[in-house]
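Okay, so here's the structure we're looking at.
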Ligand SMILES: Cc1ncc(COP(=O)(O)O)c(C=O)c1O
């Protein structure tokens, strides 16, 4: 009866694409696998907050919150702790309202499927995250995928198709998680106005890292006011759990009524919400220098990778090294882990076929000196005959 699943698993193994769960121990910036101590360069803990015991201890001194919410937000899951964080976020972004979700996956699937219907169209960057794509599929709207960051292509698709549909949404990440490159949000604002579309921006990987208060790239690019729905997550640089969106009253009220992951899932516990509030108000504002250093480290690392003829891209703290075949990425990862750098291979379907890579997720508590050997190790692995 399960033959089919076995066969597919075997195919994944044959293609160096089989995934497994690993039991890891983490301490600060280090990760231990089978007692091997490695620098953790594979998480989204860009500021080292999730594993910072000092921050946690300070937070716990003032924490008096439940560990379970016992219902969805529309029943009794929503409390003053939620309201406090939502008010703060709405004020920081100068928007009518903010709305918290259990995760970025919930936010994206819920928002896209709620705002779109069969009569609508969505114009989606080709490299947008799976959660955005899944939300679009659920909505049954017509999806047009434009080439990654190619706004001429986006305009072509809008010119040809916009008028056939009721509502049109343009959706992009601000910082792309697997390529480390950045959207031109002002250009997208210009386009959304021209074609009467709603602009949705997912700041999952930029929130916490970019901007004076860590609000993300829309703040840096000076266009927060023009973005209709801005989404960000607490599970990455903030070191907590959950996600939120900000926008006008009408859109947030609509989501409260129509967004199924919000309505039909138990809300995450208050303690997480309170921790996100604590990090945004007490921790992030004090990490300005660290955040600048993080971006400088990324720049130096990219320079070294390029000088060795390795293929990298982007301009952020996410530094991908494109290796091509799955097998090469898997072997490079093994070599890096053996040398104390926890870098996992990224393969299809997370990235396109034949663009397997190692994705170096830099973090503010790791200096350039600690990682400058990485490009040489990748180079060695690529050149060796496995
Ligand atoms: C761009 C983007 N949006 C949303 C998510 C999902 O967020 P979460 O992990 O909070 O579900 C991710 C996850 O990596 C992401 O990369």
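Estimate the FRET efficiency between residue 372 and residue 225 by the formula 1/(1 + (r/R0)^6), using the beta-carbon distance for r and 56 Å for R0, to the nearest 0.05. Intermediate results must be reported in sequence, preceding the final value.
On the way: r = 41 Å, r/R0 = 0.73.
The computed FRET efficiency comes out at 0.85.
Could you tell me how far the Cα centroid of the stretch 247-289 sits from the Cα centroid of the stretch 314-365, in Å? Between the Cα centre of the stretch 314-365 and that of the stretch 247-289, the gap is 31 Å. Extension gain for residue 166 to residue 186 (0.36 nm times residue separation, less C-alpha to C-alpha distance): 4.8 nm.
Dividing the convex hull volume of the alpha carbon atoms of the stretch 62-284 by its residue count gives 105 Å³ per residue. Helical runs assigned H by DSSP (4 residues or longer) give the chain a calculated mean residue ellipticity at 222 nm of -11500 deg cm²/dmol, each run adding -39500 (n - 2.57) before division by the residue total.
For the chain, what relative contact order do you get, as a whole percent, if you take Cα pairs closer than 8 Å and at least 6 residues apart? Please list the in-between numbers first.
On the way: 732 pairs, mean separation 81.1, N = 386.
It comes to 21 percent, rounded to a whole number.
Computed from the C-beta positions of residue 338 and residue 26, the FRET efficiency with R₀ = 22 Å rounds to 0.70. Calculated on C-alpha atoms, the gyration radius of the chain divided by its Kirkwood radius gives an Rg/Rh of 0.97.
In this label model, residue 384 and residue 311 are separated by 2.2 nm, measuring between points 7 Å along each Cα→Cβ vector. The mean sequence distance of close C-alpha pairs (under 8 Å, at least 6 residues apart), as a share of the length of the stretch 196-254, puts its relative contact order at 31 percent.
Listing 124, 87 from the residue with the fewest other Cβ atoms within 10 Å to the one with the most, what is the order? Provide the component values of the computation, followed by the final result.
Numbers: 124 23, 87 13.
Fewest-to-most Cβ neighbours within 10 Å comes out as 87, 124.
For residue 71 and residue 134, a Förster radius of 25 Å and the Cβ-Cβ distance give a FRET efficiency of 0.50, rounded to the nearest 0.05.
How would you rank 68-79, 244-255, highest first, on the average number of other Cβ atoms within 10 Å across their residues? Numbers along the way, then the final one.
Working: 68-79: 15.9, 244-255: 19.2.
My ranking of the peptides, most packed first, is 244-255, 68-79.
Tell me, 291, 94 in order of fewest to most beta-carbon neighbours within 10 Å?
Numbers: 291 20, 94 9.
So the ranking, lowest neighbour count to highest, is 94, 291.
Please arrange 123, 207, 16 by how many other C-beta atoms lie within 10 Å of their C-beta, fewest to most. All intermediate terms of the calculation are to be shown ahead of the outcome.
Working: 123 27, 207 31, 16 16.
Ranking 123, 207, 16 by Cβ neighbours within 10 Å, fewest first, gives 16, 123, 207.
Beta bridges per DSSP, both residues in the chain: antiparallel share near 60 percent. Between the alpha-carbon centres of the stretch 111-133 and the stretch 1-47 there is a gap of 29 Å. Suppose we keep just the DSSP beta bridges with both residues in the stretch 62-284; what percent of those would be antiparallel, to 5? Among the beta bridges of the stretch 62-284, antiparallel pairing accounts for roughly 40 percent.
Coordinate-derived values only; no laboratory data. Values in this document were obtained by computation on a predicted structure and should not be read as measured data. In this analysis, Cβ positions are derived from the backbone assuming ideal geometry, glycine residues included, and neighbour counts consider all displayed protein chains.
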